[in-house]
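FYI, it's all coordinate maths here, none of it is from the lab. Note that the structure is predicted; figures quoted are calculated from it, not measured. All Cβ positions, glycine included, derive from the backbone under ideal geometry; neighbour counts span all protein chains shown.
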Amino acid sequence: MRRRDLLKGLSVLPVSGGVTGQVFAANTAMAAPKRDLFKELGLRTFINAAGVYTSMTASLMPQEVLDAINTGAEEYVMLDDVQDKVGEKIAAICHSEAAMVTAGCWSALVLGMAGVLTGMDNKKVMQLPFLEGTGMKSEVIVQKTHANGYHLALTNAGVKIIVVETREEVEKAINEKTALMWFLNREAPEGKIQHQEWLYIAKKHNLPTMIDIAADVPPVENLWKYNDMGFDLVCISGGKAMRGPQSAGILMGKKDLIAAARLSAPPRSGIGRGQKVNKEEILGMYVALEKYVKHDHAREWKMWEQKIALIDNAIKGIAGVKTEIVLPPVANHTPSLSISWDDKKVKLTRDALGEKLRKGNPSIEVIAWETENNIRLTVFMLKPGQEKIVAQRIKEELTQASA
Ligand SMILES: *Cc1c(COP(=O)(O)O)cnc(C)c1O
């Protein structure tokens, strides 16, 4: 008995000789080969030359983020403690008073809205989304061009959207029921009222403001620009260009509003109870943000331009094909390539080309753009070297169709 115990002890000690060697060999033999779940489940993987799209699972997390997630999975901590600590770090990086990790930008919109309505009143938290007779405000002012779908997140908290176009209309719309003035950064160029004026009107009437900047890094400075500008709440996606978990996002802004927003989020019950972010994702979000801020963005931008140039050079000589390097002004602000063709010379529709690229090997996704003969692509979600495959495959298909 004793002897066996001794041997058992020996086998796990890092001693030299045959015993350790045997243990090592046994462990190696037991290690299962890594499962290829994509293959096992018959899932198509593809080269993402489209960009950051929710339907395409947005972005790939870097190793540091995966490490944070794995480390997070090894211990218990209190959920509120992780939010407190990570929130402080995020706030410091982004120049806000406070911050919390949310289940994506959409959840940041919902929780921020809830916080604006309830303040620190727990009774009100349990009354959402039914505002009538509660004493809570119930209207949110939104510019017409900004009301294109994402504003519906706010209605989860029970508010009514009041659509306006001009400064005069905002002034007329403001009343004792007005809870918030909301701004969608992506649509700023389309709206009649710009950031500063929006903030000016809100401050004049002592109304809180919220801005959605979901897909608006790069540039990295946007992470603090709107906090510096004076928006009370700023909402951003974590899994787009920042490459955090796709199901994470950030709500940042005034301390009292973030504290209030947390009353509607897990671990508490309330309208945000289903928008849980686990500790692993909270840690992953933090590391992704930190890494993104430290990143050499100028160098990466040059690399994107080189990749776009490589693809451009491969296809622009094909008869009837026109290319243009474009830069979306706000969201997905990254060098992109627009490819269009004369359908008399290249007998291919946009959708047919998309389908050929999708069904090719390897499969590639691009974006169907404005006209029947126009696709668009980006390179910021490509893995190193994939630009060559993208160039080659598009060249192949366009050449083949231009017989
Ligand atoms: C992507 C996006 C959202 C939603 O963000 P999630 O992180 O997917 O929840 C909200 N608003 C805008 C403008 C977006 O582009």
- Message: In the stretch 297-401, if the dipole is taken from +1 on Lys/Arg beta carbons and -1 on Asp/Glu beta carbons about the Cα centre, which of ILE311, TRP341, ALA368 is farthest to the positive end?
- Response: ILE311
- Hey, if you drop one equal point scatterer on each alpha-carbon of the stretch 292-373 and run the Debye formula without solvent, what base-10 log of I(q)/I(0) do you get at q = 0.17 Å⁻¹? -0.82
- Query: In the stretch 76-294, what % of DSSP beta bridges are antiparallel (nearest 5)?
  - Reply: 40 percent
- Sequence of THR57, THR102 once ranked by neighbouring C-beta atoms within 10 Å, starting from the fewest: THR57, THR102
- Going by C-beta contacts inside 10 Å, put SER338, SER363 in order with the fewest on the left. SER363, SER338
- Query: Exactly which trypsin sites (Lys or Arg not before Pro) in the stretch 303-403 are in a DSSP loop and have at most 15 other Cβ atoms within 10 Å?
  - Reply: LYS316, LYS344, LYS345, LYS347
- Determine the sum of side-chain charges near ILE162: Lys and Arg each +1, Asp and Glu each -1, restricted to other residues whose C-beta is under 11 angstrom from that of ILE162. +2
- Note on the structure: By Cβ neighbour count within 10 Å, fewest first, LEU283, LEU357, LEU207 rank LEU207, LEU357, LEU283
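With a cut-off of at most 11 other beta carbons within 10 Å, and DSSP calling the residue loop, which GluC sites (Glu not before Pro) in the stretch 35-78 qualify? Please list them.
Answer by residue number: GLU74, GLU75.
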- Query: With a sphere of radius 12 Å drawn around the Cβ of MET78, what net charge do the other residues whose Cβ falls strictly inside it have (Lys, Arg +1; Asp, Glu -1)?
  - Reply: -2
- Output ³J(HN,Hα) for the stretch 175-184: one whole-Hz value per residue in order, computed from phi by the Karplus curve 6.51 cos²θ - 1.76 cosθ + 1.60 with θ = phi - 60°, and x for Gly and Pro. 8, 5, 8, 5, 9, 7, 10, 10, 10, 9
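Indicate, rounded to the nearest 5 percent, the antiparallel portion of the DSSP beta bridges found entirely in the chain.
Of the beta bridges lying entirely in the chain, close to 55 percent run antiparallel.
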- Query: What FRET efficiency comes out for the pair SER269/ALA319, r = Cβ-Cβ distance, R0 = 56 Å, nearest 0.05?
  - Reply: 0.30
- Item | Amide N proximity, the stretch 365-403 versus ALA309 label position 7 Å along Cα-to-Cβ, cut-off under 16 Å | 379, 387-388
- Message: For the chain, what does the helix formula give at 222 nm: sum of -39500 (n - 2.57) over DSSP H segments with n ≥ 4, over the residue count, nearest 500 deg cm²/dmol?
- Response: -13000 deg cm²/dmol
- Item | Whole-Hz couplings from phi, Karplus 6.51/-1.76/1.60, listed for the stretch 185-202; x for Gly and Pro | 4, 4, 9, 3, x, 8, x, 7, 10, 8, 3, 4, 5, 4, 5, 4, 5, 4
- Note on the structure: Of ALA288, ALA298, ALA259, the most mobile residue in a GNM of the chain (C-alpha springs, cutoff 10 Å) is ALA298
- Query: Where nothing but the Cβ of Lys and Arg (+1) and of Asp and Glu (-1) is charged, how large is the charge dipole of the stretch 297-403 around its Cα centre, in debye to the nearest 20?
  - Reply: 280 debye
- Provide the gained length on full extension for the span ASN206 to ASP228, in nm with one decimal, where the gain is 0.36 nm per separating residue minus the Cα-Cα distance. 6.1 nm
- Note on the structure: Pseudo-spin-label distance GLN400 to VAL220, built 7 Å along Cα→Cβ, given in nm, is 4.2 nm
- When the dipole is taken about the Cα centre of the chain, and only Lys, Arg (+1) and Asp, Glu (-1) are charged at their Cβ, what size is it in debye, to the nearest 20? 1140 debye
- Query: Between ASP81 and ALA259, how many nm apart are label points set 7 Å from Cα along the C-beta direction?
  - Reply: 2.1 nm
- Name the residue farthest towards the positive end of the dipole of the stretch 76-294 from the options GLY238, TYR226, ALA92, assuming +1 on Cβ of Lys and Arg, -1 on Cβ of Asp and Glu, about the Cα centre. GLY238
- For the chain, modelled as a GNM with alpha-carbon contacts under 10 angstrom, which of LEU233, LEU43, LEU337 fluctuates the most? LEU43
- Query: Looking at the stretch 147-234, which GluC sites (Glu not before Pro) are DSSP coil and have at most 14 other C-beta atoms within 10 Å of their C-beta?
  - Reply: GLU165, GLU176, GLU221
- Message: Which of PRO129, PRO384, PRO208 ends up with the largest GNM mean-square fluctuation for the chain, with Cα atoms connected below 10 Å?
- Response: PRO384
- Message: Within 12 Å, Cβ to Cβ, of GLN63, how many net charges do the neighbouring residues add up to if Lys/Arg are +1 and Asp/Glu are -1?
- Response: 0
- Item | For the stretch 283-292, 3J(HN,Hα) per residue [Karplus equation, 6.51 cos²θ - 1.76 cosθ + 1.60, θ = phi - 60°, Hz, x = Gly/Pro] | 5, x, 4, 4, 5, 4, 5, 4, 5, 4
- R0 of 51 Å, Cβ-Cβ distance LYS160-LYS347: FRET efficiency to nearest 0.05: 0.50
